[in-house]
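Asks: Here you go, one structure.
The values are calculated or read from the model by the stated rules, or taken from the named source; none is laboratory data. Small disclaimer: the values here were computed from a predicted structure and weren't measured. Cβ placement follows ideal geometry from the backbone for every residue including glycine, while neighbour counts extend to all protein chains displayed.
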Amino acid sequence: MSKSDLNLLVENIKFEHLSVFYDFILSVLHALSISDFELSVILCDNVYIQKLNNKFRNKNEPTDVLSFNYNEHNELNEDLGDGINYKIQGDLIISFEYLKFSSQEFNVEIYEELQRVTIHGILHLMGYKHETNDFKKEGMLILQENILRKNKRVF
């Protein structure tokens with residue numbers, strides 16, 4: 001029996017589009033053929049994510065997204081031989097404050113960038129990896145942009 005559990009939390013910021021964001025995340029999971037998931041997504045400020053980044057990655061600076069995969073070393077992973085897991089259990093921490101900066105840097109709307117980093121984090125929870133940030137050569141990033149194009153929401 002598959003489990004579908006999605007929790008959205010907000011820490012130290014105001015965010016008024018939780019229902020649209022929730023529906024977007026479900027559409028991404030569906031597009032990736034993920035029906036068995038336990039996922040919490042926390043939208044926060046830079047202070048909140050910096051503490052976690054320092055604690056778990058020894059980087060005392062804010063970042064856009066952190067992924068915590070609770071299935072990484074679990075024998076119950078449903079890896080179909082390609083290193084990709086279609087059952088996910090984990091947390092995504094996203095600094096909405098950081099996205100204000102990165103969206104300006106990349107010249108995109110903040111809600112587009114939110115959707116992009118959400119997909120990015122989910123792909124990492126599935127086991128996808130990338131060596132560079134080359135959107136034209138890295139398979140994970142090409143997939144990320146394709147999923148964004150097909151599932152993008154207007155907030």
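Asks: Within the range 139-155, restricting attention to residues that are in a loop (DSSP other than H, G, I, E, B) and not charged (D, E, K, R), which residue is surrounded by the fewest Cβ atoms within 10 Å (Cβ to Cβ)?
Replies: VAL154
Asks: Can I ask one more? List pairs: first residue in the range 59-81 and over 17 Å from ILE34 (Cα atoms), second residue modelled with pLDDT of 95 or more and surrounded by fewer than 16 Cβ atoms within 10 Å (Cβ to Cβ) anywhere in the structure, Cβ distance under 6 angstrom, at least six positions apart or on different chains.
Replies: ASN60/ASN54
Asks: Can you tell me which of GLN50, GLN104 is modelled with pLDDT of 95 or more, among the polar types (S, T, N, Q) and under 20 Å from GLU145 (Cβ atoms)?
Replies: Of GLN50, GLN104, the one residue that is modelled with pLDDT of 95 or more, among the polar types (S, T, N, Q) and under 20 Å from GLU145 (Cβ atoms) is GLN104.
Asks: Output the residues belonging to the range 129-152 that are in contact with a His (Cβ under 9 Å, 6 or more places away or on another chain) and touching a residue at least 40 places away in the same chain (Cβ under 8 Å).
Replies: Residue satisfying the conditions is ASN151 alone.
Asks: Restricting the range 12-42 to residues that are without any contact (Cβ under 8 Å) to a residue 60 or more places away in the chain, surrounded by 14 or more Cβ atoms within 10 Å (Cβ to Cβ) and among the hydrophobic types (A, V, I, L, M, F, W, C), which is nearest to LYS87 (Cα to Cα)?
Replies: By that ranking, first place goes to PHE37.
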